[in-house]
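Data block below; observations after.
The values are calculated or read from the model by the stated rules, or taken from the named source; none is laboratory data. This is a predicted model, so every value here is computed, not measured. Note: ideal-geometry Cβ built from the backbone for every residue, glycine included; neighbour counts use all protein chains shown.
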């Protein structure tokens with residue numbers, strides 16, 4: 001399958017009065033059409049900052065893209081002009097967010113908001129756009145599209161609003177859909193429905209999906225490949241099987257261990273000791289050093305280079321995970 | 001909602017109005033002194049005649065009933081201090097002047113305030129933000145009796161481009177309305193900036209950006225409505241205050257407005273004028289707040305359903 005996004009050595013730093021915050025520090029990955037890439041990491045690991053900055057949705061300054069490239073459709077998103085980025089956003093790359101409750105404008109009717117991408121990017125008239133949008137609403141499982149178009153967001157539940165967001169993202173048939181923790185704010189049954197919906201739409205349209213989450217269960221359920229991030233750095237990437245069954249990284253390992261499981265009753269859920277480091281005070285070493293049970297001297301002095309077996313890539317000084 | 005809600009609001013005004021009438025009527029009469037007390041001694045016979053003429057010799061409750069009866073017929077009674085003039089006449093002459101001054105000032109305040117605040121919100125932490133916001137601090141801090149004479153000095157005396165007193169020609173409206181509107185413009189600019197900045201940081205604006213909308217469209221379609229709500233809610237009391245509370249401005253520029261009667265009547269114990277002007281002020285506040293509520297329901301769909 002063809003590659004749609006090609007990210008190399010991506011570094012995005014915040015320049016604040018307290019110093020430089022290395023929010024994303026050296027990210028490499030490829031994304032193919034039709035595949036789902038999961039990006040996993042704790043809060044503050046740089047997942048959201050990476051995606052928002054990729055689309056140019058974070059103010060610069062304080063953010064600055066220090067280095068790297070993101071090849072998409074024959075151009076580099078890092079160096080593209082604001083006008084170019086605007087023509088890509090909501091058109092070829094669409095994004096849905098974590099908070100369906102607040103991501104829609106409470107002052108405007110849902111219909112008014114839904115047709116905006118079509119009117120901006122496809123020069124459709126209102127009537128044409130409404131017709132297309134009705135189809136999208138049916139596709140995401142909203143049975144009465146005419147009523148939905150005339151409703152205001154506050155009349156809808158969280159799950160319904162997320163469906164509306166997805167419908168809005170799909171109207172322009174994007175090549176990539178970025179879903180930033182799309183199910184975090186929803187209850188479990190609705191989560192499953194939304195993920196199922198995303199999967200079926202992807203099968204139909206062949207778009208690539210980047211799914212950001214801190215829920216490993218979600219990744220295991222829907223992703224093809226997975227990226228593990230910590231403190232702005234890429235720790236491990238590979239197929240979902242690589243990550244879940246052949247993980248080479250102590251952090252991934254610890255994450256997996258602290259995920260609750262249905263098949264094993266545990267007296268207490270293990271957790272990773274300590275907290276994530278302050279991103280403005282990182283040394284040259286591995287940012288996980290203080291919390292890692294296998295920490296060695298060299299971990300404090302340098303960040304490891306990649307260990308590769310085919311698609312599977314891991315960044316750790318450890319030869320082999322015991 | 002709609003008609004029923006509006007009707008309910010209007011009906012709800014009646015008991016409040018009644019309570020206000022009653023409160024002011026008794027409060028001002030319980031205050032020490034009366035309309036005919038003065039330094040020189042008035043002969044008892046004359047005082048008695050005066051009291052009789054204005055029904056002040058009757059029991060308080062009777063006076064109250066009389067007043068309510070007159071009020072129901074739209075008669076606010078005679079002034080105690082301005083012989084041969086009724087309160088209806090006084091308000092009829094002075095209120096249109098105050099209303100005109102107030103409305104012109106409000107237009108200034110909105111024009112200047114929203115423009116300055118909008119600019120500051122669009123380019124925060126730049127000169128477009130710092131300069132108007134510093135001036136607005138001045139506008140809030142400096143009292144009218146400083147701004148008024150300052151404008152008179154600059155535009156009236158030095159530049160000689162605007163008249164400095166009176167209320168006859170169009171030109172007479174310029175300096176007083178600017179003076180009165182300045183503090184309100186300052187306040188509105190800060191409310192606008194704050195409101196817009198807050199909305200611009202919300203998730204749905206990020207959604208609009210993620211859809212690829214141009215910034216200008218985001219501002220007009222997605223931000224302005226919510227961002228101006230604080231200004232709208234401020235406008236109710238501001239409008240009433242700007243119309244009725246212009247005493248200083250009216251004095252500086254010798255404008256025959258209502259402000260003077262507000263203060264004088266209270267000092268003189270001119271009972272009927274106090275009642276008349278207070279009730280006018282109450283009605284103004286009520287009408288303005290009512291308009292604000294109506295505007296709110298138009299702007300924010302979430303209010304409509306409650």
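Annotations for the structure displayed:
- Evaluating residue A:120 against the criteria (1) under 20 Å from residue A:135 (Cα atoms); (2) within 8 Å of chain B (Cβ to nearest Cβ); (3) modelled with pLDDT under 90; (4) touching a strand residue (DSSP E or B) at 6+ places or on another chain (Cβ under 9 Å) leaves one unmet condition, (4).
- Residue in region B:170-182 that is assigned to a loop (DSSP other than H, G, I, E, B) and without any contact (Cβ under 8 Å) to a residue 40 or more places away in the chain present: no
- Within region A:1-94, strands (runs of 3 or more DSSP E) holding 2 or more residues that are farther than 15 Å from residue A:227 by Cβ and touching a strand residue (DSSP E or B) at 6+ places or on another chain (Cβ under 6 Å): A:3-16, A:19-32, A:63-72
- The set of residues in region A:105-115 that are crowded, with 24+ Cβ neighbours inside 10 Å and at the interface with chain B (Cβ under 7 Å from one of its Cβ atoms) contains only A:105.
- Residue count for region A:304-322, restricted to those that are over 22 Å from residue A:241 (Cβ atoms) and surrounded by fewer than 19 Cβ atoms within 10 Å (Cβ to Cβ): 2
- Checking every residue in region A:144-161 against the condition of being surrounded by 13 or more Cβ atoms within 10 Å (Cβ to Cβ), closer than 24 Å to residue A:88 by Cβ and in contact with a helix residue (DSSP H, G or I) (Cβ under 6 Å, 6 or more places away or on another chain) gives zero matches.
- Some residue of region A:125-138 being in a loop (DSSP other than H, G, I, E, B) and farther than 26 Å from residue A:194 by Cβ: yes
- Residue in region A:151-171 that is farther than 29 Å from residue A:43 by Cβ, away from every other protein chain (no Cβ under 13 Å) and modelled with pLDDT under 90 present: no
- The combined condition, being surrounded by fewer than 22 Cβ atoms within 10 Å (Cβ to Cβ), modelled with pLDDT under 90 and either more than 11 Å from chain A (Cβ to nearest Cβ) or outside any helix (DSSP H, G or I) (or both), is fulfilled by residue B:241.
- Taking the criterion of being over 24 Å from residue A:97 (Cα atoms), surrounded by fewer than 17 Cβ atoms within 10 Å (Cβ to Cβ) and either within 10 Å of chain A (Cβ to nearest Cβ) or at pLDDT below 90 (or both), the residues of region B:168-223 that qualify are B:168, B:169, B:170, B:171.
- Residue check, residue B:161 within 10 Å of chain A (Cβ to nearest Cβ), over 22 Å from the mean Cα position of the chain (by Cα) and free of Cβ contacts under 8 Å to residues at least 40 places away in the same chain: no
- Total residues in region A:103-123, condition under 16 Å from residue A:169 (Cα atoms) and in a loop (DSSP other than H, G, I, E, B): 5
Here's the yes/no breakdown for (1) in contact with a helix residue (DSSP H, G or I) (Cβ under 8 Å, 6 or more places away or on another chain); (2) touching a residue at least 60 places away in the same chain (Cβ under 8 Å):
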residue: B:223; (1), (2): yes, no
residue: B:254; (1), (2): no, yes
residue: B:263; (1), (2): yes, no
residue: B:269; (1), (2): yes, yes
residue: B:281; (1), (2): yes, no
